[in-house]
1. If you filter the range B:52-100 for trypsin sites (Lys or Arg not before Pro), then keep DSSP loop positions with at most 16 other Cβ within 10 Å, what is left?
2. Using the Cα centre as the reference, give the magnitude of the dipole from point charges on the C-beta atoms of the range C:1-111 (Lys, Arg: +1; Asp, Glu: -1; all else neutral), rounded to the nearest 20 debye.
3. In whole angstrom, how far apart do the alpha carbon centroids of the range B:23-72 and the range C:1-28 sit?
4. Under the rule of -39500 (n - 2.57) per DSSP H run of 4 or more residues, summed and divided by the residues of chain B, what mean residue ellipticity at 222 nm is obtained, to the nearest 500 deg cm²/dmol?
5. Need one word for the protein assembly as shown: rounded, prolate or oblate. Basis is the Cα gyration tensor (sqrt eigenvalues a ≥ b ≥ c); a/c below 1.5 gives rounded, then a/b vs b/c decides.
6. Roughly how large is the C-A contact in terms of buried accessible area, totalled over both chains, probe 1.4 Å, nearest 100 Å²?
7. Could you compute the longest span of chain A free of chymotrypsin sites (Phe, Trp or Tyr not before Pro) located in DSSP loops and having at most 13 other Cβ atoms within 10 Å, not counting the site residues?
8. Taking a point 7 Å out from Cα toward Cβ as the label site, list the nm distances between residue C:184 and the same residue in every other copy, smallest first.
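The values are calculated or read from the model by the stated rules, or taken from the named source; none is laboratory data. Remember, it's a predicted structure, so these values are computed and weren't measured experimentally. Glycine gets a Cβ as well: all are built from the backbone with ideal geometry, and neighbour counts include every protein chain shown. Keep in mind that these areas ignore ligands, DNA and RNA; they rest on the heavy atoms of the full protein, side chains included. Shrake-Rupley method; radii C 1.70, N 1.55, O 1.52, S 1.80 Å.
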Amino acid sequence: VADHCAVGVSAVGGVLAARGKRVDLFGIVVVALVSALGGGTVRDWCLGDLPVLWIRDSSYLLTGAGTGLVTFFLARRLPLPQRGLLIADAFALALYTIVGASKALTFHASPAAAVALGVVTGVAGGMMRDVLLGEIPAVFRKEIHLYATAAFLGCVLFMLLSLIYRPEIAAPIGSAAILTLRLVSIRWKVGLPTFAARESG
Amino acid sequence: VADHCAVGVSAVGGVLAARGKRVDLFGIVVVALVSALGGGTVRDWCLGDLPVLWIRDSSYLLTGAGTGLVTFFLARRLPLPQRGLLIADAFALALYTIVGASKALTFHASPAAAVALGVVTGVAGGMMRDVLLGEIPAVFRKEIHLYATAAFLGCVLFMLLSLIYRPEIAAPIGSAAILTLRLVSIRWKVGLPTFAARESG
Amino acid sequence: VADHCAVGVSAVGGVLAARGKRVDLFGIVVVALVSALGGGTVRDWCLGDLPVLWIRDSSYLLTGAGTGLVTFFLARRLPLPQRGLLIADAFALALYTIVGASKALTFHASPAAAVALGVVTGVAGGMMRDVLLGEIPAVFRKEIHLYATAAFLGCVLFMLLSLIYRPEIAAPIGSAAILTLRLVSIRWKVGLPTFAARESG
């Protein structure tokens, strides 16, 4: 159930990112699916766990496409709860990242590779969405505050806890850490420095 | 033979999309190959049918690169038959999509996943081409009329027919449906709604 | 050792390409890793040699991320040796390309497919970096002079020599040819024609 919620939330995020772009209804469904399933697809390609998840279990495909369609028609009529969406998206980030890192561990990836794959699973869908929409990926931008960084730090915590505790204990703590970091960084506008150091301080 | 024609037509489309961009001859060959083989490559990654098709049978690589080169030199001298190219491209879309969906079925993908993979095979090459050239993928744009949508609907028809008839009967009907939908949508300027509902109607 | 140098040099190139873009520190590390490991990752996806290299041996991941971080902090303070970086990058291109082509041969790829995979290994990381940063890939641009073309020609030479000599002899000669072509093309500003033939010559 949590998986499908994460797919749905990411699909909604994809649809909203396409707002105002010259993208038609079908493109919006594609963008929704790329947002929702892109990270897991790249993870499965890297691990060699093929066919990829959404071929083995196409319910994810239907959840993503269905949510995308419903969002498209709703968002033309109703204002969306921005705050609720940010929290739901942080939840999806936390879930995807820890699921990705856990899966990498079951494929005997080293801790560093598992952290990398966790972050890839969490953020690659959104990155591909932004590239398709002709933008520099939002996860890189200072205005977004800690996003990939929250995923990274929570993933490192998860790996450290995995050395001591069983995954069933380490995973929820890692996810909670990502969720907390993400929400705290939005609330207090915490971000990382950029390269253009002179201008932006 | 039909496969190689589709590769060639897609390569021509790739070269023409690079016209006027600051892309050199080698870049144009790369763009031609990405247009022609990108969809099938992503499909093989997703299905786990590796090495990918153009490594197992490099004649596709030579057809794509050769067509790209010839087009580059011809198109600097001659006007190209725009109408003929649109029809040939619709033919390639129809062929790629149904080949992709059929291949997914032989890997025991569910109907929904097979439709998704068919559409990916049909449109991903062109999407990657547009991203490399710094544009929002044309398949998403209203001005292109039904493109990915034609592939999707023809693919659904193919899946329905596959439940009743053998693939040798279902595949040509599905392809014909895609070709017809695509050409009809160009002729009568049929398109899907976009998100910016107020402005564009 | 040479492998890790190539990873490091590519990571530095990735960081420098992100200069002046609105990309935060984490994004810069991601761009560095994509530049350094992107080509090999796509190669392993295509060959089906999974999990990909950096999951099996995560020292590459650490070299890339570490170099990216160090470069980020150094480059904010010190001017970088532009000439030295161009030469180091040409060295990395030569190494990646021939390693990619050699690996394809060990997977029984045909000569044409091995050349294609060699070039992909050499240039795909930089292409993905440029797409993430919202630019048309630099390897396609005339101002860059021979880059992918140098990789292609050196790779063809490597394949021809492989027919006669053992790989241990053919590989260094192929690499040297790529390095030489690349540096000669920068020194004498040799480039390929573009499509916009009227305007640019």
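1. On the way: sites: B:56, B:76, B:77, B:83; in loops: B:76, B:77.
Those satisfying the criteria are B:76, B:77.
2. Details: 9 positive and 6 negative charges, 92 e Å.
Roughly 440 debye for the range C:1-111.
3. Spelled out, the Cα-based centre of one part sits 28 Å from the other.
4. On the way: 9 runs with 149 residues, N = 201.
My calculation for chain B gives -24500 deg cm²/dmol from helical runs alone.
5. Values: a/c = 1.40, a/b = 1.00, b/c = 1.40.
Judged from the Cα gyration tensor, the protein assembly as shown comes out rounded (a/c under 1.5).
6. Heavy-atom accessible area buried at this interface is about 2700 Å².
7. Looking at chain A, A:1-164 is the longest stretch - no exposed chymotrypsin sites (Phe, Trp or Tyr not before Pro) with at most 13 other Cβ atoms within 10 Å.
8. Going from nearest to farthest copy, the values are 5.9, 5.9 nm.
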